[in-house]
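S.K.: After the structure tokens below, expect a handful of questions from me.
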Ligand code: F1P
């Protein structure tokens, strides 16, 4: 039956998040010791597709938490331009992220790092027996997050928990607060399924824009990618205030503009949503608290109540459901998206 795996995988996330937090806590002492003793002078995140967005999330969270410079590159940029991406630093940490652990560019980025840089390699994956995990010195692996479906849903969020946990740990925070995420995920999946379905199945909506700032921009990108991969619907992601600088010309009455609101910049982000509403768009705002100014629009108030570094992944379940319901309404099979493979293996890359 179409979509059966995708829906089950989205709904099973709270259980998988439990596994992820447990696996992280088992290794947190060793990781903390590594961070304290190594004094890394640079951190590089890399991945492809969804896991490139996870790299961007990691870089954004790390920038607020650690002193070292932090970069995120799509693995292909490292492979094609190693001189400018892997230039000399004394002691770097490379964090490679890949659901499969078998993506050609990510494997090649790891190989290049090892041959050119001094430092340590850490893989985040869902396959413990993959070439990536076997080649990296350290790994955080959530085998239970593997999927039947091609598009990443629970694998993405489980690996995101590892990324968030690393940022928390290296920033000196108590990562045990992440144990609250599964219960929060359960509540969000239950409370917002009906809204995601209503918007996803609404035939008057033809274009989807996802806007976010800082840590939430990579989540907006992932929501955009899920919408494209699963449903083949028109979808784009932008930094929230960037939307005014050209992309807003695509807004019309058949547009849903989804704003992932960051509390500290809420006033400015809400102003963008109000402007798009005046241009005819439908508005969905996802924020920590209800937004009075958008009381007539669709609002998901998350009420996560966790520190900022622990929150980003809670924005995703309602957006995954939105993509799933749009895929079903578009008569697509989100388990097996058109023209997409679970792993991209490229010949003759090196
Ligand atoms: C990366 C990836 C996915 C994408 C598609 C192709 O895979 O780009 O993000 O959805 O399935 O592969 P991986 O390196 O995380 O396994």
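The values are calculated or read from the model by the stated rules, or taken from the named source; none is laboratory data. It should be emphasised that the depicted structure is a prediction, and the values quoted were computed from it without experimental measurement. Glycine gets a Cβ as well: all are built from the backbone with ideal geometry, and neighbour counts include every protein chain shown.
S.K.: Name every residue in the stretch 48-70 that is within 16 Å of the ligand (Cβ to nearest atom) and either out of contact with any helix residue (DSSP H, G or I) (no Cβ under 9 Å at 6 or more places or on another chain) or at positive phi (or both), in order of residue number.
M.R.: 49, the sole residue that qualifies.
S.K.: Specify which of the listed residues (195, 188, 199) is within 20 Å of residue 216 (Cα to Cα) and part of a helix (DSSP H, G or I).
M.R.: Of the residues listed, the single one that is within 20 Å of residue 216 (Cα to Cα) and part of a helix (DSSP H, G or I) is 188.
S.K.: Taking the criterion of being within 13 Å of the ligand (Cβ to nearest atom) and assigned to a loop (DSSP other than H, G, I, E, B), would at least one residue in the stretch 161-181 satisfy it?
M.R.: no
S.K.: Another question about this same structure. Looking at (1) under 30 Å from residue 305 (Cβ atoms); (2) in contact (Cβ under 8 Å) with a residue 40 or more places away in the chain; (3) more than 20 Å from the chain's Cα centre (by Cα), which is the only condition residue 206 fails?
M.R.: Unmet condition: (1).
S.K.: Would you please name the residue that is farthest from the ligand (Cβ to nearest atom), looking only at residues in the stretch 71-100 that are without any contact (Cβ under 8 Å) to a residue 40 or more places away in the chain and within 18 Å of residue 54 (Cα to Cα)?
M.R.: Among them, the one singled out is 71.
S.K.: Consider residue 101 carefully, then state whether it is assigned to a loop (DSSP other than H, G, I, E, B), on the phi > 0 side of the Ramachandran plot and touching a strand residue (DSSP E or B) at 6+ places or on another chain (Cβ under 7 Å).
M.R.: When the stated conditions are applied, residue 101 passes them.
S.K.: Still on this model: Got a number for residues in the stretch 309-350 being at pLDDT 95 or above, out of contact with any helix residue (DSSP H, G or I) (no Cβ under 7 Å at 6 or more places or on another chain) and away from the ligand (no atom under 16 Å from the Cβ)?
M.R.: Qualifying residue count, the stretch 309-350: 3.
S.K.: Among the residues of the stretch 117-160, which ones are under 19 Å from residue 104 (Cβ atoms), more than 11 Å from the ligand (Cβ to nearest atom) and assigned to a loop (DSSP other than H, G, I, E, B)?
M.R.: If the condition is that a residue be under 19 Å from residue 104 (Cβ atoms), more than 11 Å from the ligand (Cβ to nearest atom) and assigned to a loop (DSSP other than H, G, I, E, B), then 129, 136 are the ones that fit.
S.K.: So how many residues does the stretch 256-282 have that are farther than 22 Å from residue 218 by Cβ and assigned to a strand (DSSP E or B)?
M.R.: Summing the residues that are farther than 22 Å from residue 218 by Cβ and assigned to a strand (DSSP E or B) in the stretch 256-282 gives 1.
S.K.: Looking only at the stretch 283-308, which residues are in a strand (DSSP E or B) and either modelled with pLDDT under 95 or within 20 Å of the chain's Cα centre (by Cα) (or both)?
M.R.: Answer for the stretch 283-308, where residues must be in a strand (DSSP E or B) and either modelled with pLDDT under 95 or within 20 Å of the chain's Cα centre (by Cα) (or both): 284, 285, 286, 287, 300, 301.
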